[in-house]
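Working notes, beginning with the structure itself.
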Amino acid sequence: MRQAELLIIGGGPAGLCAAISAAKSGAKVLIIERNKYLGGQLVKQTHMFFGSEKQYASTRGIDITEILLNELDKYKENVEILADTTVVGMYEDGIITALYKEDDFFKISAKAVVVATGAFEKSLAFPNNDLPGIYGAGAVQTLMNVHGVKPGNKVLMVGAGNIGLIVSYQLMQAGVEVVAILDAASKIGGYLVHASKIRRMGVPILTSYTVKEAIGKDFIEKAVICQVDDKFQPIEGTEKEFDVDVMCISVGLTPLNELLAMRGCQMKYVPQLSGFVPLRNENYETTIENIFAAGDTTGVEEASAAMVEGYLAGLCAAAKIGYKTDDFDERKNDFVKQLDALRSGPVGKHILSGIEQIVV
Amino acid sequence: MRIEEHPILEFKKDKKINFTFNGEKIEGYEGETIAAALHASGVKVLGKSLFLHRPRGFYCAIGNCSSCLMTVNGVANVKTCVTDLEEGMIVETQEGKGVIV
Amino acid sequence: MFEKTGIPSKEMVMGKFPSIERINKGPVAVIECYKEIPCNPCETACKFDAINIGEDINTIPAVTSDNCTGCAICLTKCPGLAIMIVDGSKSETTVLIKIPYEFLPLPKVGDTVMGLDREGRHITDVKIVGVLNPKSFDRTPIVTVEAGRKYLYDLRNIKVEAK
């Protein structure tokens with residue numbers, strides 16, 4: 001069995017920041033990442049981030065990974081990275097199991113764990129929603145921005161949250177036509193600066209619309225949408241048709257929480273946080289001692305918040321296992337202040353009403 | 001279906017990789033996934049569903065949803081959206097669960 | 001309506017512009033940030049103390065036009081690409097407008113391209129008088145267009161046809 005002081009599951013923005021923070025405190029950190037590369041979904045974020053300087057605002061997501069890895073490199077004597085490795089189980093006796101590549105199965109025991117597994121894309125129910133060409137918006141982002149492959153020629157974007165708006169813009173940057181963006185809500189959910197920049201490219205944003213059906217044999221050839229009333233019921237006679245070869249589904253993410261649930265952490269369904277999330281204290285420690293969580297797995301937010309949560313959870317996890325530095329309070333207060341700042345506006349209000357329900 | 005030029009990104013397409021899809025020869029590039037290489041060649045249908053035999057394409061492209069499972073080099077249920085393309089790979093559409101033994 | 005369509009009303013837009021007297025004096029930033037989001041790189045980027053957000057990063061940026069030199073650094077730093085620079089000092093019949101433009105092909109100085117409003121409608125043709133894309137702009141090029149004066153408050157984007 002492999003021994004680790006602090007195990008961090010997931011090498012995305014939250015996991016990397018947790019590792020930086022803990023390694024800086026002096027803890028020996030082991031990062032396990034299922035992909036061959038670190039950075040998680042930052043690898044496809046070609047847009048500039050919001051927030052303030054401390055969360056790398058104005059820097060493109062694709063460049064933030066390198067900044068974080070350079071930071072992590074400062075403490076390299078404290079850091080070990082296992083990529084291409086998937087944690088497949090966390091058991092009641094504390095044993096964690098993992099799989100390197102396809103057949104190297106091994107066990108790990110750790111003094112503390114930070115689970116930073118992120119989130120994944122939700123689907124939307126409508127007839128023929130399983131046709132090829134109907135892809136998650138993040139999937140399209142991966143295809144275009146990582147592999148340089150266009151998803152198709154004409155795209156209908158379903159969902160006007162930040163991801164739907166950003167991916168629409170990125171589709172146009174890749175030379176793909178976006179015929180419209182629709183959202184069942186009566187208002188645009190994403191930042192309005194994103195909405196305006198797409199609108200002025202001539203792309204209509206249709207609020208109070210939903211997908212009625214997709215039409216096609218082997219892949220999508222046509223999309224039918226219709227208006228919904230204030231109870232989200234379809235209004236007859238309001239149908240619109242679009243000849244498209246791609247429909248992008250961007251109806252939100254939901255936390256990847258299987259490991260926490262398996263370990264026995266108390267979980268709660270919180271709509272404002274987009275799914276089942278672990279109960280936790282203000283140090284991001286779950287109801288099981290020495291199991292911490294950070295990032296989207298504790299509630300879906302922007303990557304900027306995930307990074308600060310990672311810093312905070314890494315700091316507290318290291319302190320819990322004996323690496324409490326003299327400047328602990330100062331560092332902790334800084335992270336708490338940053339999170340408060342990110343969540344103090346109208347968008348953050350919604351998130352805070354969810355967080356209230358899980359902090360114990 | 002490939003992006004020729006991009007305002008933000010540069011795509012390194014150095015080494016070509018030859019593979020087959022249902023017996024047909026296809027070219028992809030080193031560093032891309034099987035699903036990306038297939039999509040670049042216009043292949044969207046990666047398999048057929050278990051009961052209703054409906055066409056399946058990828059959905060999440062990050063290895064979560066299992067919509068992209070194919071048989072690769074005779075091994076069933078390979079997540080082609082996160083598996084790197086390799087020279088000489090034999091990639092086949094998969095019916096339902098695929099043949100394991 | 002803005003929250004339904006992404007198109008700000010004329011009143012909202014006018015509220016972000018400085019006086020015409022200020023515009024006629026020389027280049028000045030117009031920040032079309034209408035809703036509070038946690039973001040302050042424009043304030044951080046400004047070397048002239050012309051943009052103020054303050055302690056709460058959700059506050060909508062306030063521009064002190066008299067301090068603004070129209071240097072356009074904030075244009076390249078705004079993650080929402082919400083800033084433009086307007087300049088009415090060069091001619092009595094036209095205005096110069098600087099906008100960020102992250103698409104290909106980039107226009108060239110001397111080109112005539114379509115000028116679009118905030119809904120993406122083609123309202124006039126504009127002349128490209130400047131294209132800047134140094135490394136420090138981090139892949140957010142700035143295009144300067146010359147447009148008829150009457151389009152000052154409506155022109156917000158361009159469309160460059162691929163050759």
Alpha-carbon radius of gyration plus Dmax, which is the widest Cα pair, for chain C in Å = 15.1, 48
So what is the 222 nm mean residue ellipticity for chain B from helices alone, if each DSSP H run of at least 4 adds -39500 (n - 2.57) and you divide by all residues, rounding to the nearest 500 deg cm²/dmol?
-> -1500 deg cm²/dmol
Hey, got the Cα dimensions of segment A:202-360 along the principal axes, in Å, largest first?
-> 66, 34, 28
Report, in degrees rounded to the nearest 10, the 0 to 90 angle that the Cα long axis of helix A:328-342 makes with the longest principal axis of chain A.
-> 10 degrees
Using every pair of alpha-carbon atoms in chain A, split the distances into 10 Å bins beginning at 0 and state the percent of pairs per bin, rounded to integers.
-> 5, 24, 31, 23, 13, 3, 0
Hey, what angle do you get for helix A:61-73 against the long axis of chain A, alpha-carbon based, 0 to 90 degrees rounded to 10?
-> 10 degrees
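How high is the relative contact order of chain B? Use alpha-carbon pairs under 8 Å, at least six apart in sequence, and give a whole percent. Don't skip to the answer; put the middle values down first.
Working: 196 pairs, mean separation 30.8, N = 101.
Taking the mean separation of contacting Cα pairs over the length of chain B, I get 30 percent.
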Step through the residues of segment B:36-44 one at a time and calculate ³J(HN,Hα) from phi using the Karplus curve (6.51 cos²θ - 1.76 cosθ + 1.60, θ = phi - 60°), rounding each to whole Hz and writing x for Gly and Pro.
-> 5, 5, 5, 4, 4, 8, x, 8, 10
Rg and Dmax of segment A:124-249 over Cα atoms: what are they, in angstrom?
-> 13.6, 41
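Tell me, what is the FRET efficiency for A:Asp326 and B:His53 to the nearest 0.05, using R0 = 51 angstrom and their Cβ-Cβ distance as r? Present the calculation step by step, with values, prior to reporting the outcome.
Values: r = 65 Å, r/R0 = 1.27.
Taking R0 as 51 Å, the efficiency between A:Asp326 and B:His53 is 0.20.
Using Cα pairs closer than 8 Å and at least 6 residues apart in sequence, work out the relative contact order for segment C:31-102, in percent.
Working: 107 pairs, mean separation 19.4, N = 72.
Relative contact order, segment C:31-102: 27 percent.
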Could you work out the mean count of beta carbons from other protein chains within 10 Å of each residue's beta carbon in C:136-142?
-> 3
A:Gln3 and C:Thr69 label points (each 7 Å along its Cα→Cβ direction) are spaced in nm at 6.1 nm
Measure up A:Lys154/C:Lys127; A:Lys76/C:Lys135; A:Lys74/A:Lys332; B:Lys13/C:Lys159; A:Lys240/B:Lys13; A:Lys197/B:Lys79 against 32 Å on the Cα-Cα distance and list the ones that go over.
-> A:Lys240/B:Lys13; A:Lys197/B:Lys79
Distance (nanometres) between label positions extended 7 Å along Cα→Cβ at B:Lys97 and A:Phe242 = 3.9 nm
Helix A:162-173 axis, angle to chain A major axis (alpha carbon atoms, nearest 10°) = 70 degrees
Return a whole-number percent for the relative contact order of segment B:49-94, with Cα pairs under 8 Å and 6 or more residues apart as the contact set.
-> 31 percent
Looking at the P(r) of segment A:78-177, how many percent of alpha-carbon pairs lie beyond 16 Å?
-> 69 percent
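May I ask you to list the GluC sites (Glu not before Pro) in segment C:24-63 that are in a DSSP loop and have at most 15 other Cβ atoms within 10 Å of their Cβ?
Working: sites: C:Glu32, C:Glu36, C:Glu43, C:Glu55; in loops: C:Glu32, C:Glu36, C:Glu55.
Here the sparse-neighbourhood loop sites are C:Glu55.
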Considering only DSSP beta bridges where both residues belong to chain A, give the percentage that are antiparallel (nearest 5).
-> 50 percent
Other protein chain Cβ atoms within 10 Å, averaged over every residue that makes up A:41-47 | 2
Per DSSP H run of n ≥ 4, the term is -39500 (n - 2.57); total these for chain A, divide by its residue number, and report the mean residue ellipticity at 222 nm rounded to 500 deg cm²/dmol.
-> -8500 deg cm²/dmol
So what's the Cα pair-distance distribution over the protein assembly as shown, bin width 10 Å, in %?
-> 3, 16, 25, 26, 19, 9, 2, 0, 0
Packing-based ranking, highest mean first, of A:103-112, A:11-20, A:149-158 given that Cβ atoms within 10 Å are counted = A:11-20, A:149-158, A:103-112
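Looking only at segment A:124-249, where both bridge partners belong to it, what percent of the DSSP beta bridges are antiparallel (to the nearest 5)? Numbers along the way, then the final one.
Numbers: 12 of 27 bridges.
Within segment A:124-249, antiparallel bridges account for around 45 percent of the total.
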Quick one: give the max-minus-min coordinate of the C-alpha atoms of segment A:1-105 along each principal axis, largest first, in Å.
-> 43, 30, 23
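Using only DSSP helix segments of four residues or longer, with each worth -39500 (n - 2.57), what per-residue ellipticity at 222 nm results for chain C after dividing by its residue count and rounding to 500?
Working: 5 runs with 27 residues, N = 163.
When only DSSP H runs of four or more count, the value is -3500 deg cm²/dmol.
Bear in mind that the values in this text are calculations on the coordinates, not laboratory data. On a predicted model such as this, the values are computed, not experimentally measured, just so you know. Glycine gets a Cβ as well: all are built from the backbone with ideal geometry, and neighbour counts include every protein chain shown.
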